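S.K.: The following block contains the structure, expressed as structure tokens.
The values are calculated or read from the model by the stated rules, or taken from the named source; none is laboratory data. All of these numbers come straight from a predicted model, not from anything done at the bench. Backbone-built Cβ (ideal geometry, glycine too); neighbour counts: all protein chains shown.
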Amino acid sequence: MHRFKAQIRRYRVQTRPRVRSRRIRESLAVSALLVLAAAAALTVPRLLRDLPDSSELVGRLMPRAFVLEGVPPELQASFSSALDAASGLPRSRAALLKSRYPIVRAVGFSRDWPNRRIRFKVELREPLARVVRDGRALGYLAADGVVFTAPDGIFPDVRPDVDVGSADAAERLRLARCLEGMGAKGSLPALERMTWAPRLEGWEARFEDGTTVLWGDLRWTEAKALRLRQALEDFRKTLPLGAATGALTADLRYFEDGKIFVRPSPQTNL
């Protein structure tokens, strides 16, 4: 019986350079991650111990000072005191300033992080007229119908005077729009006074040239102003040549029916 010696061939497998390089990089990356994880495990607890508590952190973020822009000197002190006494975020402080002072129309703010300051930019309402009652000044009427007060000197020469009486907020807003409409065309003398007169079905106007107008309701302002000027001119043309015109009274309460009545004013004051 013949025995054959088995011949075994051995093969040596060699990886290609690209595969070997990739495996080396992966091994290095894993090692680096392990080192970083170990360093973090040693460092993070120490960092957490050194962090300030929440109250101290909030204190560092809170502003040290407030800066007011757009505020006249007469209002600086009171506005600053209100902001200092208030609490909360800048948005709530701005809302408080707007709600406490009707003269404030809008408040914006921006942060000055390096100096830990908050800048409040204040926009004040502009007056259309001075609000009076029984000859006593009560404040000012704004374009949005709001009645507000202001220290002496901020608005020194505001005209006309308006006596709003018992007129509600909606009627005051209509009055503000009417005043803007009267001034837009410049077709009438300067308005001296506007008075809420429910017994006359609306408003009564007095102009600087002495003309009195029973204005009625506040619709069709610009059309009323234009037709009123024409009616006054037409009436003066009917007077005898050289006759003194004197003060006139016009009635616009029937304007919706296309009627305007003009007559000489009585000698008695309104």
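S.K.: If you go through the range 226-249, how many residues are modelled with pLDDT of 80 or more, loosely packed, with under 11 Cβ neighbours inside 10 Å and either of a type in the set (G, A, S) or touching a helix residue (DSSP H, G or I) at 6+ places or on another chain (Cβ under 9 Å) (or both)?
M.R.: Qualifying residue count for the region: 1.
S.K.: Also, I was wondering about something else. Condition (residue is more than 30 Å from L75 (Cβ to Cβ), under 31 Å from the mean Cα position of the chain (by Cα) and modelled with pLDDT under 95) applied to the range 138-159: is it met by at least one residue? Walk me through it before giving the result.
M.R.: As a first pass, look at the range 138-159 and keep what is more than 30 Å from L75 (Cβ to Cβ): none.
No, the range 138-159 contains no residue that is more than 30 Å from L75 (Cβ to Cβ), under 31 Å from the mean Cα position of the chain (by Cα) and modelled with pLDDT under 95.
S.K.: Here are the criteria: (1) assigned to a loop (DSSP other than H, G, I, E, B); (2) touching a helix residue (DSSP H, G or I) at 6+ places or on another chain (Cβ under 8 Å); (3) at pLDDT 95 or above; (4) not β-branched (V, I, T). Tell me which single one P102 does not satisfy.
M.R.: (2)
S.K.: Also, quick follow-up: Does the range 130-150 contain at least one residue that is part of a loop (DSSP other than H, G, I, E, B), within 26 Å of R263 (Cα to Cα), not assigned by TED's automatic domain parsing to the domain that holds I103 and not basic (K, R)? I'd like the intermediate steps shown before the answer.
M.R.: Narrowing the range 130-150 to residues part of a loop (DSSP other than H, G, I, E, B): 134-135, 143-146, 149-150.
With the extra rule that they be within 26 Å of R263 (Cα to Cα), the set shrinks to none.
Checked against the condition, which is being part of a loop (DSSP other than H, G, I, E, B), within 26 Å of R263 (Cα to Cα), not assigned by TED's automatic domain parsing to the domain that holds I103 and not basic (K, R), the range 130-150 yields no hits at all.
S.K.: Determine, yes or no, whether L141 is within 16 Å of L124 (Cβ to Cβ) and surrounded by 18 or more Cβ atoms within 10 Å (Cβ to Cβ). Don't jump to the end; show me each part of the working.
M.R.: On the way: within 16 Å of L124 (Cβ to Cβ): yes; surrounded by 18 or more Cβ atoms within 10 Å (Cβ to Cβ): yes.
Here the answer is yes, as L141 does meet what is asked.
S.K.: Also, I was wondering about something else. Taking the criterion of being under 36 Å from the mean Cα position of the chain (by Cα), of a type outside the set (F, W, Y) and part of a helix (DSSP H, G or I), would at least one residue in the range 201-215 satisfy it?
M.R.: No, that holds for no residue.
S.K.: Between a first residue in the range 221-240 that is more than 25 Å from A176 (Cα to Cα) and a second residue that is among the aliphatic types (A, V, I, L, M), which pairs have beta carbons less than 6 Å apart while being 6 or more apart in sequence or on different chains?
M.R.: Final answer for the pair search is F235/V262.
S.K.: Residue by residue through the range 151-175, note down the ones that are in a strand (DSSP E or B) and in contact with a helix residue (DSSP H, G or I) (Cβ under 9 Å, 6 or more places away or on another chain). Step through it out loud before you land on a result.
M.R.: Filtering the range 151-175 down to residues in a strand (DSSP E or B) leaves 161-163.
Residue satisfying the conditions is V162 alone.
S.K.: Out of contact with any Phe, Trp or Tyr (no Cβ under 7 Å at 6 or more places or on another chain) and within 17 Å of A77 (Cα to Cα): is that true of R119 in this structure? Working first, answer last.
M.R.: Values: out of contact with any Phe, Trp or Tyr (no Cβ under 7 Å at 6 or more places or on another chain): no; within 17 Å of A77 (Cα to Cα): yes.
Taking the combined requirement at face value, the residue does not satisfy it.
S.K.: Where residues in the range 250-259 are within 39 Å of the chain's Cα centre (by Cα) and in a helix (DSSP H, G or I), which of them is surrounded by the fewest Cβ atoms within 10 Å (Cβ to Cβ)? Outline the logic, then answer.
M.R.: Step one: list which residues in the range 250-259 are within 39 Å of the chain's Cα centre (by Cα), which gives 250-256.
Next cut, in a helix (DSSP H, G or I) only: 255-256.
Numbers: F255: 18, E256: 11.
Checking each candidate, the answer is E256.
S.K.: Further question on the same structure: In the range 90-108, how many are under 13 Å from the mean Cα position of the chain (by Cα) and among the charged types (D, E, K, R)? Working first, answer last.
M.R.: Going through the range 90-108, the residues under 13 Å from the mean Cα position of the chain (by Cα) turn out to be 94-95, 97-99, 101-108.
Now restrict to residues that are among the charged types (D, E, K, R): 98, 105.
So the answer is 2.
S.K.: Which residues, counting only those in the range 53-72, are closer than 22 Å to D112 by Cβ and either at pLDDT below 70 or not aliphatic (A, V, I, L, M) (or both)? Give the steps one after another, and end with the answer.
M.R.: Filtering the range 53-72 for residues closer than 22 Å to D112 by Cβ gives 56-71.
If the condition is that a residue be closer than 22 Å to D112 by Cβ and either at pLDDT below 70 or not aliphatic (A, V, I, L, M) (or both), then E56, L57, V58, G59, R60, L61, M62, P63, R64, F66, E69, G70 are the ones that fit.
S.K.: Among (1) touching a residue at least 24 places away in the same chain (Cβ under 8 Å); (2) surrounded by fewer than 17 Cβ atoms within 10 Å (Cβ to Cβ); (3) aliphatic (A, V, I, L, M), which single condition is A77 missing?
M.R.: Only one criterion is unmet by A77, namely (1).
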